[in-house]
Amino acid sequence: MKFSIRRFNEWLIVVLLIILVPALAWLIDDFLPGNVHYLFNPNPTTVLIGLASADAIDIFRGDDPAGFSLTWETVSIYLNVVIYLMLGPYLLLMGYKKAKENEHRTKPWYWYAGVLICIGSLSVVPAEIIKLKVYANTTASAAVSKVQDKMRTELAEVGFATAQYEILEGGVTESFTVEDLNLEGLEFQYSVENILSDTLITLMVSNPDLPGYTVKMDVKPYSQSVLKQRN
């Protein structure tokens, strides 16, 4: 068999393996134990994304995140790294070396396995890098959302106290400040943006840790809608 035809056949076999192996894995998946598919998981960081989502929910609720622990699913991430980034290139290199020792340059079976794994890693690795960034961004975004939610909640408490202060004590004047409410334990910074007699007081909350993010609240002590919050 001519050299070029032999090489063409080798890569044709690789193409067939790329089609047949995933199809076969899909067919027998229902007959395998539940955790076996993690061993050759083409999207290993889906485990991290799941953990990130659970942690984000915990952070938003104010609970301590469970974080990363060693389970079969998380250990499988390391196994996938070994398979895609170490075992695949190793089998490919050993296959080339073995073929050079053969008179007809025939590739051994593990060369095909190495090529299949390496081709798979070319599609897996970029996607996993993106997912790892999503993992980090999800946790950070949840922490920010938690702080923003606390700002809105605390602003509502300050607004309600301001309405009470005006109705019960008639104390809202142009010199009014949030400090006049004598509220303890406020975590954020407040300013009075606007006072129109006793019909409208506009409060604003800010946080040095979130520059550029503020929430405003219109307080109308004698209106049906006493508090109205806006960004």
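Note the direction-averaged projected area, equal to a quarter of the hull surface, for the Cα convex hull of the range 147-226, in nm².
5.1
Using the Cα atoms as the points, what is the convex hull volume per residue of the range 79-122 in Å³?
Spread over its residues, the Cα hull of the range 79-122 gives 50 Å³ apiece.
What does the range 87-231 give for Rg and for Dmax, in Å, if only its C-alpha atoms count?
31.6, 101
Name the aspartates and glutamates eligible as straight-distance cross-link partners of K107: C-alpha to C-alpha under 18 Å, and not fewer than 8 places from it in the same chain.
E10
Quick one: net charge of Y110's neighbours, Cβ under 12 Å, K/R +1, D/E -1?
Cβ neighbours under 12 Å give a net charge of +3.
What lysines sit close enough to K228 to cross-link, taking a C-alpha to C-alpha distance under 29 Å and skipping anything fewer than 8 places away on the same chain?
K146, K150, K216, K220
How do the peptides 106-112, 181-187, 160-166 rank, highest first, by the average count of neighbouring beta carbon atoms within 10 Å per residue?
Listed from highest to lowest mean packing, they are 160-166, 106-112, 181-187.
Taking the solvent-accessible surface of protein heavy atoms with a 1.4 Å probe, what is the per residue accessible area of the range 96-231 in Å²?
On the way: 8240 Å² over 136 residues.
Value returned for the range 96-231: 61 Å² of accessible area per residue.
The values are calculated or read from the model by the stated rules, or taken from the named source; none is laboratory data. Here the structure is a predicted model, which means the values were calculated and not measured. Note: ideal-geometry Cβ built from the backbone for every residue, glycine included; neighbour counts use all protein chains shown. The accessibility values were calculated without ligands, DNA or RNA, using every heavy atom of the protein model including side chains. Shrake-Rupley method; radii C 1.70, N 1.55, O 1.52, S 1.80 Å.
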